[in-house]
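Just below is one structure, and these are the notes that go with it.
The values are calculated or read from the model by the stated rules, or taken from the named source; none is laboratory data. Since this is a predicted model, take the numbers as computed values, not measurements. Every residue, glycine among them, receives a Cβ derived from its backbone with ideal geometry; neighbour counts consider all protein chains shown.
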Amino acid sequence: MLKNLRLAVVLLLICGIVYPLGMTGIAQIIMPEKAEGSLLKNEQGKVIGSKLIGQQFKDPRYFTGRVSSINYDAAGSGSGNYAPSNQDMIDRTKKDLAMFLKENPSIKKSEVPADLLTNSGSGLDPHISPMAAKVQVPRISKERNIDEQKLYELIKKHTDGRQLGVFGDQRVNVLELNVALDQLK
């Protein structure tokens, strides 16, 4: 009995304290930015968010990201996991589509990319497709009085390719894009 208790205490110390602290220390040395949560800072050095967690942008002068069924609350990551036939899902999608079309009057209903109306599995995806960013250009151009071509170039510059060249789709990090948008002169 005492042998089992000793083994449990030793394993608790190794697995619960030594290993996590060791891995954290190694991560801090090898990749400090990622170990800190991939935080993004403004020009004054103030943390404005993480590159890994989506944020809500309500100001029409900014690009908007995906819909979040958890209101971008990272404490409760997840989604409703509704079927396309679920009435709550249909109603929310219709409402979000109507709002997007109202805010972006130059866009036709058929041109709205699906990723602007659907949430990711976590509800916190920080990325949108390049097309989802491009359909917002006319609105942002008008709001900020910036040439549309300059915005298209900004999107292209902030578009990440597929992982390892084959996995996933091209994507744009909305927070990074909006930070770069604020830095445009």
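Consider only pairs whose beta carbons are under 6 Å apart and that are at least six residues apart or on different chains; among these, list those whose first residue lies in segment 8-21 and is free of Cβ contacts under 8 Å to residues at least 60 places away in the same chain and over 24 Å from Ala35 (Cβ atoms) and whose second residue is surrounded by 10 or more Cβ atoms within 10 Å (Cβ to Cβ) and of a type outside the set (Val, Ile, Thr). Sorted first by the residue in segment 8-21, then by its partner, the list stays empty. Looking across segment 49-60, just one residue is surrounded by 11 or more Cβ atoms within 10 Å (Cβ to Cβ) and at pLDDT 90 or above, and that is Pro60. Within segment 1-48, the set of residues being surrounded by fewer than 10 Cβ atoms within 10 Å (Cβ to Cβ) and small (Gly, Ala, Ser) comprises just one member, Gly45.
Report yes if some residue within segment 67-77 is modelled with pLDDT under 85, within 24 Å of Phe100 (Cα to Cα), of a type in the set (S, T, N, Q) and exposed (fewer than 10 other Cβ atoms within 10 Å of the Cβ); otherwise report no. There is at least one residue in segment 67-77 that is modelled with pLDDT under 85, within 24 Å of Phe100 (Cα to Cα), of a type in the set (S, T, N, Q) and exposed (fewer than 10 other Cβ atoms within 10 Å of the Cβ). If you go through segment 34-56 and pick out every residue that is touching a strand residue (DSSP E or B) at 6+ places or on another chain (Cβ under 8 Å) and of a type in the set (D, E, K, R), you end up with 2. It is to be established whether one or more residues within segment 44-54 are closer than 23 Å to His127 by Cβ and part of a helix (DSSP H, G or I). Looking for residues that are closer than 23 Å to His127 by Cβ and part of a helix (DSSP H, G or I), one finds none in segment 44-54, hence no. Beta carbons closer than 6 Å, at least 6 apart along the sequence or on distinct chains, pair a first residue in segment 97-109 that is touching a residue at least 12 places away in the same chain (Cβ under 8 Å) with a second that is part of a helix (DSSP H, G or I) and not small (Gly, Ala, Ser) for Asn104/Arg139; Ser106/Pro138.
Of the listed requirements (1) in contact with a Phe, Trp or Tyr (Cβ under 8 Å, 6 or more places away or on another chain); (2) of a type in the set (A, V, I, L, M); (3) within 14 Å of Thr64 (Cα to Cα), Leu101 misses just one: (1).
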